[in-house]
Amino acid sequence: MNDNELYPIGDVARRTGLSVSAIRYYSDAGIVIPAQLTEAGYRLYDVRAIARLELIRTLRELDAGLVDIRQLLDGETSLHDLLTAHLELVEQQERDLRARRAVLRTLVRQRGTATQAALMHRLVSMPDDERERLIDDFWTEVGASLDVPPGFVDRLRTLRPRLPDDPSAEQLEAWIELADLVQGEEFRAAVRAYLQEVYGTFPGRDLASPPTWDFIHGEGAKIGEELVTAYRSGLPPQAPRAKELVVRLADATAGLTGGRSTTESRQRLARAFLVAQEVPEDAAYDATHGRYIALVTRINGAPPAPDERDPALFRWIAAALDETAA
């Protein structure tokens, strides 16, 4: 393209991909002035005007406004500043659309009413401090009448939903479901009843005591992750690494009472795992506290916890424990 050559509007339209009417509009608006008019009044454009028109087309396809484009072409703003500001706008629009999508998908799935639509819209736009109060109110009511070890409910309430600034549609849908559940008296009563039944009597009451609970969710959880990794790797239970891990688990468990594992205690622990692997899945847990945990995990973007109720895993641990006594 010759820098000094002038091009009629039809050629310019073909080169830029803009319509003739759009080029005329930008000319009449004073955004891109023709380099020359012929005696017959036809507009002619030089390469600089064509370059400006190509930039305008790109920015318009990115949904930039004409006012912003004019400021850029007039030197009142930089391309970087224009794009940065427009990116922020597009990202906000994306977040808004994602929130609407989550509400719509939930409403369609639940065949929701207009009242539910208004409620869900409020939930996705709820500020952080209001979310915190919602969860606090839930645990305050759930724990008010529980006969469980001291501090147990306070430890449970530390697992809280943290919706990120830029949540995915799945995270928003999980938050909508959780917020709806924790406000319902039926769900609160079901969680309260489950926790009372499991952790208000033996052996759950002992598991909920601070030393045991801290072990289960601290050192015990770390050993458990290593056991799951070893099991999933295909390591046989008689392998030295498998026996090392189960001995660590047995020693740590015995350490709760100030002792150290013995051959007999490891055999008892093996029998306990064999008994545990025969226990059916806990539907009450999955519908109450387990559902709360699953939704919070999804909202927070954390990977799902390994399946600790895998019967084959329990049998593998029991076999490794037996190997330590062989």
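Throughout, read-outs are computed from the coordinates displayed, never taken from laboratory work. Note that this is a predicted model, so its numbers are computed, not measured. Please note: Cβ atoms are built from the backbone with ideal geometry, for glycine as well, and neighbour counts cover all protein chains shown.
How many nm is it between the label spots at residue 141 and residue 83, if each spot is 7 Å from the Cα in line with the beta carbon?
Each label point lies 7 Å from its Cα, and together they span 5.1 nm.
Tell me the Kirkwood hydrodynamic radius of the chain in angstroms, computed as one over the mean inverse distance between distinct C-alpha pairs.
Numbers: mean 1/r = 0.0388 Å⁻¹.
Computed over the chain, the radius equals 25.8 Å.
Determine ³J(HN,Hα), in whole Hz, for all residues of the stretch 286-301 in sequence, where each value follows from phi through the Karplus function 6.51 cos²θ - 1.76 cosθ + 1.60 and θ = phi - 60°; x replaces Gly and Pro.
Once θ is set to phi - 60°, the couplings for the stretch 286-301 become 4, 8, 10, 5, x, 5, 4, 5, 4, 5, 4, 4, 5, 4, 6, x Hz.
Would you mind classifying the stretch 186-326 by shape? Square roots of the alpha carbon gyration tensor eigenvalues, ordered a ≥ b ≥ c; an a/c under 1.5 is rounded, otherwise it is prolate if a/b is larger than b/c and oblate if not.
Numbers: a/c = 1.99, a/b = 1.55, b/c = 1.29.
Cα axes put the stretch 186-326 in the prolate bin.
Residues with beta-carbon under 14 Å from that of residue 23, excluding residue 23: net charge, scoring Lys, Arg +1 and Asp, Glu -1?
Working: positive: 14, 15, 24, 43, 52, 57, 60; negative: 11, 28, 46, 54.
Result for the neighbourhood of residue 23: +3.
What does the charge count around residue 257 come to, taking other residues whose C-beta lies under 14 Å from its C-beta (Lys +1, Arg +1, Asp -1, Glu -1)?
Neighbourhood net charge equals 0.
Could you compute the net charge surrounding residue 204? Neighbours are other residues with a C-beta less than 12 Å from the C-beta of residue 204; K and R count +1, D and E count -1.
Numbers: positive: 205; negative: 147, 197, 206, 282.
Cβ neighbours under 12 Å give a net charge of -3.
For the chain, what is the charge dipole size about the Cα centre, in debye to the nearest 20, if Lys and Arg each add +1 at the Cβ and Asp and Glu each add -1 at the Cβ?
Values: 39 positive and 52 negative charges, 133 e Å.
With only Lys, Arg, Asp and Glu charged at Cβ, the dipole is about 640 debye.
Ordered by packing density, taken as the mean number of other Cβ atoms within 10 Å over each peptide's residues, highest first, how do 21-28, 78-85 rank?
Working: 21-28: 15.6, 78-85: 12.6.
Result, highest mean Cβ count within 10 Å first: 21-28, 78-85.
Let me make sure I get this right: for the stretch 120-246, a, b and c are the square roots of the gyration tensor eigenvalues over alpha carbons, sorted descending. Under 1.5 in a/c it's rounded, otherwise prolate if a/b > b/c, else oblate. Which is it? Mind dumping the intermediate values first?
Working: a/c = 2.79, a/b = 1.46, b/c = 1.91.
Judged from the Cα gyration tensor, the stretch 120-246 comes out oblate (a/c at least 1.5, b/c at or above a/b).
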